[in-house]
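So the structure is just underneath, and the comments pick up after that.
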Protein chains: 2
Amino acid sequence: MIQSASAIPHVVSASHLSDAGSRFVNPVRILTLATLLSLIGIGEGVAGADLLEQARQQFKPIPTSAPEIKNNPSNPDKVTLGKMLFFDPRLSASHLISCNTCHNVGMGGDDNLETSVGHGWAKGPRNAPTAFNAVFNVAQFWDGRAEDLKAQAKGPVQAGVEMNNKPEQVEKSLRSIPEYVAQFGKAFPGEKEPVSFDNMAKAIEVFEATLITPNARFDQFLGGKREALTDEEQKGLALFMEKGCSSCHNGVNMGGQDYYPFGVVEKPGAEILPPGDQGRFAVTKTANDSYVFRAAPLRNIALTGPYFHSGKVWSLEQAVAIMGQSQLGQKLTDPEVKSITAFLTTLTGDQPKVEYPILPASTGSTPKPVTMTSEAK
Amino acid sequence: MIQSASAIPHVVSASHLSDAGSRFVNPVRILTLATLLSLIGIGEGVAGADLLEQARQQFKPIPTSAPEIKNNPSNPDKVTLGKMLFFDPRLSASHLISCNTCHNVGMGGDDNLETSVGHGWAKGPRNAPTAFNAVFNVAQFWDGRAEDLKAQAKGPVQAGVEMNNKPEQVEKSLRSIPEYVAQFGKAFPGEKEPVSFDNMAKAIEVFEATLITPNARFDQFLGGKREALTDEEQKGLALFMEKGCSSCHNGVNMGGQDYYPFGVVEKPGAEILPPGDQGRFAVTKTANDSYVFRAAPLRNIALTGPYFHSGKVWSLEQAVAIMGQSQLGQKLTDPEVKSITAFLTTLTGDQPKVEYPILPASTGSTPKPVTMTSEAK
């Protein structure tokens with residue numbers, strides 16, 4: 001599964017490149033002072049200009065509107081429904097845990113815990129990845145076992161250590177609540193049985209596709225606003241590309257596109273890479289995939305600690321240093337680590353504005369919550 | 001602690017009454033068709049007119065803006081801070097449980113569980129009361145042991161079966177996050193040490209004061225729009241007053257104003273009134289207060305099941321029937337129960353619109369979450 005750097009697809013959209021290429025003939029674009037200054041190189045050397053062009057080859061800004069999803073067209077009713085479901089703890093057996101519990105929209109789209117805590121206070125096996133911009137990942141979970149957010153959404157609902165529910169129980173709950181029945185009908189018009197576990201997942205997927213964080217300072221930089229990054233941050237960006245970080249962390253999500261062994265060059269200690277979790281090996285059963293994980297997307301990384309699938313590292317600087325050693329075989333100097341970390345903080349985008357959904361009340365036929373761990377589901 | 005019906009203060013504001021009294025001389029008011037029809041009694045008998053006047057003697061609508069709080073003046077920065085804190089799971093030792101976990105703003109301001117689930121999956125002793133309109137209660141908790149929302153907010157943060165944290169740990173967490181330090185400074189201008197456990201509680205209090213639900217159909221009725229209630233609901237309202245429910249459930253919150261024994265006339269069974277929980281007795285140590293609880297506020301009652309401090313009753317109709325028997329010594333007929341329940345559903349007001357707050361990231365000096373129940377706090 002390891003690809004050489006040259007084989008890694010550089011996710012730079014044609015539209016973005018052509019837009020960049022056409023700016024010299026677009027009079028409106030060159031009329032802004034910032035653009036003008038950057039074109040004539042004021043405030044930075046030629047290296048700065050190269051840095052931007054080089055960055056544009058490897059990275060792409062987060063778009064400002066939700067992407068369309070293959071085989072799951074969005075509509076406003078579906079987004080509304082998806083938001084309700086995302087926040088509804090009745091998807092869990094206990095009626096206590098919602099998607100937002102571990103993918104908190106106020107906390108960078110995750111729970112900032114080492115690993116999540118679920119039904120019966122069970123500790124999950126891996127650090128919860130952020131739901132923000134997850135729609136841009138090639139697949140979901142640390143091992144990519146879910147091909148998309150729709151497939152992903154079904155996992156935690158059923159996992160014993162997470163929401164501990166069953167599809168038929170979820171459907172029973174949703175069908176017992178008239179407002180949900182009506183909302184599913186509007187979200188999936190023309191379907192005979194719109195209330196289903198599948199459609200629950202589809203609605204959550206289109207809502208999650210709205211959880212994107214455009215306008216990070218780095219994206220402003222990519223858009224041509226060079227002064228959006230300080231000198232230190234630009235130095236970090238240069239190092240990020242020169243040292244090879246961007247071989248795996250590239251594209252719109254600065255990662256999330258392919259799978260690599262944790263420890264390409266040197267395995268980190270058992271504390272950080274617990275021997276019991278072999279990553280993608282469990283999915284593919286291929287020896288090459290032992291301790292292989294999806295490269296973490298680095299968008300909003302300053303908000304989503306602790307780091308790595310084990311969640312054992314709380315300091316972003318330490319995470320950068322570990323990556324240098326384990327993936328690149330380089331002992332990064334303290335100033336290099338600091339610069340790269342400074343650059344990574346520029347990946348924090350505008351956080352989604354989410355109005356808390358008003359959830360419809362349960363009815364007499366809604367299954368009761370099961371909070372005791374000894375009770376049958 | 002039991003008061004006779006005549007001694008119970010009828011919380012009807014002078015301003016509201018004078019407004020009602022002046023409507024005959026306000027030409028703008030009588031120009032609406034609905035008002036005109038109601039004045040000449042179209043669509044209802046004289047009993048209807050009496051019903052409205054009688055209701056206005058006992059009940060008061062939820063105001064449309066947050067009330068001012070004694071000794072805790074509100075300001076926009078304090079409300080913003082309070083909202084952040086209300087949603088911040090870092091107030092709990094585990095970093096998993098926030099105020100919103102049990103007082104879910106999308107679910108009527110509570111968790112719709114029998115009793116709440118807290119740290120280590122511990123089951124709390126009583127049903128979580130709604131945070132909505134709680135600012136209008138005479139005191140907080142089922143036994144009134146907290147004199148106001150400020151005092152209340154400090155309880156669950158420290159309770160071992162809830163958030164399991166300590167004031168000094170909360171302060172340490174908040175002081176470790178620069179954005180919180182800045183926001184406390186703005187919310188409590190001129191204070192030497194704005195970041196404190198006390199101020200945390202004050203900020204939460206002013207935010208909670210915004211969690212009010214005006215414009216319920218019953219409030220529209222009180223405002224003179226008689227057709228806001230159906231005939232069945234008006235019948236229920238009449239019964240609610242005639243049978244004596246409103247002796248305890250009156251005022252702006254339809255309850256929450258005074259304390260009464262559960263079982264004024266006849267104690268319900270141990271399943272519903274567990275012998276181990278003697279209610280207000282634990283607060284006052286007065287024999288008269290044995291099994292005494294604050295009359296539940298009935299605002300949004302259709303959204304806040306299950307019912308009673310034990311949370312053992314899931315059906316609102318059943319709760320009404322039990323109340324008739326235990327508090328009034330009356331076996332209400334099925335149609336009476338149905339009418340009263342229909343009336344109670346008209347107490348659901350406009351639910352608060354809350355934009356999810358973006359919480360600032362932890363720093364290296366923020367205390368780490370303690371999720372294991374065996375770990376020291």
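The values are calculated or read from the model by the stated rules, or taken from the named source; none is laboratory data. In this text, all values refer to a predicted model and were calculated from it rather than measured experimentally. Counting neighbours? That spans all protein chains shown, and the Cβs are built from the backbone with ideal geometry, glycine included. Only protein heavy atoms, including side chains, enter the accessible area calculation; ligands, DNA and RNA are left aside. Shrake-Rupley method; radii C 1.70, N 1.55, O 1.52, S 1.80 Å.
Taking the 1.4 Å solvent-accessible surface of the range B:223-349 as the whole, the part contributed by carbon and sulfur is 55%.
When B and A come together, around 3200 square angstrom of accessible surface is lost from both chains combined, probe 1.4 Å.
Solvent-accessible area of A:F218, all protein chains in place: 0 Å² (probe radius 1.4 Å, heavy atoms, ligands and nucleic acids excluded). Computed over chain B with a Gaussian network model linking Cα atoms closer than 10 Å, the most mobile of B:K83, B:K150, B:K192 is B:K192.
In terms of overall dimensions, the C-alpha atoms belonging to the protein assembly as shown reach 86, 64, 60 Å along their principal axes, ordered largest to smallest.
Within the range A:108-138, which residues have the backbone N less than 18 Å from the label spot 7 Å out from A:N215 along Cα→beta-carbon, could you tell me? Flagged as within label range: A:108-109, A:132-133. Solvent-accessible surface, computed for protein heavy atoms with a probe of 1.4 Å, shrinks by 20 Å² or more for the following residues of the range A:341-368 when the other protein chains are added to the isolated chain: A:Q351, A:K353, A:V354, A:E355, A:Y356, A:I358, A:L359, A:A361, A:K368.
Chain A gives an Rg/Rh value of 1.00, both radii derived from C-alpha positions and Rh following Kirkwood.
Apply the Debye scattering formula to the range A:113-172, with a single equal point scatterer on each alpha-carbon and no solvent, then give log10 I(q)/I(0) at q = 0.20, 0.30 Å⁻¹. With one equal scatterer per Cα and no solvent, log10 I(q)/I(0) is -0.82, -1.24. Eigenvalues of the alpha-carbon gyration tensor of the range A:134-219, scaled by 5 and square-rooted, set the equivalent ellipsoid semi-axes at 26, 18, 11 angstrom, largest first. Distances from A:S365 to itself in the other copies, using label points 7 Å out along the Cα-Cβ axis, amount to 5.8 nm in increasing order. Under 17 Å from a label point set 7 Å out along the Cα-to-Cβ vector of A:E355, the amide N atoms of the range B:215-249 belong to B:215. By the Stokes-Einstein formula, at 0.890 mPa s and 25 °C, the range A:76-208 with its Kirkwood radius over alpha-carbon pairs has D equal to 166 µm²/s.
As an exercise, use a Förster radius of 45 Å and the Cβ-Cβ distance of A:T286 and B:K166 to find the FRET efficiency, rounded to the nearest 0.05. Mind dumping the intermediate values first?
Details: r = 49 Å, r/R0 = 1.09.
Computed FRET efficiency for A:T286 and B:K166 comes out at 0.35.
For the range B:192-276, the gyration tensor built on C-alpha atoms gives an oblate shape. Its axis ratio a/c (a ≥ b ≥ c) is at least 1.5, and a/b is not larger than b/c. Each other copy places its own label point for A:G263 at 6.4 nm from this one, sorted shortest first, where the point lies 7 Å along the Cα-to-beta carbon line.
Viscosity 1.306 mPa s, temperature 10 °C: what is the translational diffusion coefficient of the range B:147-288 from Stokes-Einstein with a Kirkwood Rh over Cα pairs, rounded to a whole number of µm²/s?
Numbers: Rh = 19.6 Å.
My calculation gives 81 µm²/s for D.
In a shell of Cβ-Cβ distance under 15 Å around A:C248, excluding A:C248 itself, what net charge do Lys and Arg (+1) and Asp and Glu (-1) give? Kindly include the intermediate steps, with their values, before the conclusion.
Values: positive: A:K243, A:R280, A:R294, A:R299; negative: A:E242, A:D258.
After counting each charged neighbour, the total is +2.
Only protein heavy atoms count here; on that basis, with a 1.4 Å probe, B:T210 has an accessible area of about 50 Å².
Accessible area per residue, 1.4 Å probe, Å², for the range A:76-208: what's the number? Mind dumping the intermediate values first?
Working: 4120 Å² over 133 residues.
Ligands and nucleic acids excluded, the figure is 31 Å² per residue.
With r defined as the distance between the Cβ atoms of B:K70 and A:V181 and R0 fixed at 56 Å, what FRET efficiency is calculated, to the nearest 0.05? Taking R0 as 56 Å, the efficiency between B:K70 and A:V181 is 0.75.
The figure for B:I301 is an accessible area of roughly 20 square angstrom, using a 1.4 Å probe on the protein chains alone.
Our helix-only sum for chain A, with -39,500 (n - 2.57) per DSSP H run of n ≥ 4 divided by its residues, gives a mean residue ellipticity at 222 nm of -10500 deg cm²/dmol. For A:K123, the distances from its label point to the matching points in the remaining copies are 2.5 nm, ordered from shortest, with each point set 7 Å beyond Cα toward Cβ.
For the residues of B:107-113, the average number of beta carbons from a partner chain within 10 Å of their own beta carbon is 5.
With the simple model of a label 7 Å out from the Cα in the direction of the Cβ, A:E53 to A:E232 spans 2.9 nm.
Per residue of A:195-205, count partner chain C-beta atoms within 10 Å of its C-beta, then hand back the mean as an integer.
Values: counts 0, 0, 0, 0, 0, 0, 0, 0, 0, 0, 0.
Neighbouring Cβ atoms belonging to other protein chains average 0 per residue here.
Where both residues lie in the protein assembly as shown, what percent of DSSP beta bridges are antiparallel, nearest 5? Before the final figure, lay out each step's value.
Numbers: 17 of 21 bridges.
Counting DSSP beta bridges with both partners in the protein assembly as shown, the antiparallel share is about 80 percent.
Here the chain B residue lying nearest the rotation axis onto A, judged by its C-beta and given with the distance in whole angstrom, is B:W121, 2.
For A:S339, neighbours were defined as the other residues whose beta-carbon sits under 14 Å from its Cβ, and their charges (Lys and Arg +1, Asp and Glu -1) total -4. Is the C-alpha gyration tensor of the range A:251-377 telling us rounded, prolate or oblate? Criteria: a/c under 1.5 is rounded; beyond that, a/b larger than b/c is prolate, otherwise oblate. Verdict is oblate for the range A:251-377.
Report the rotationally averaged projected area of the range A:233-322 based on its alpha-carbon convex hull, in square nanometres.
Values: hull surface 24.5 nm².
For the Cα atoms of the range A:233-322, the hull's average projected area reads 6.1 nm².
On the range A:76-208, 53 percent of the accessible area sits on carbon and sulfur atoms, based on a 1.4 Å probe.
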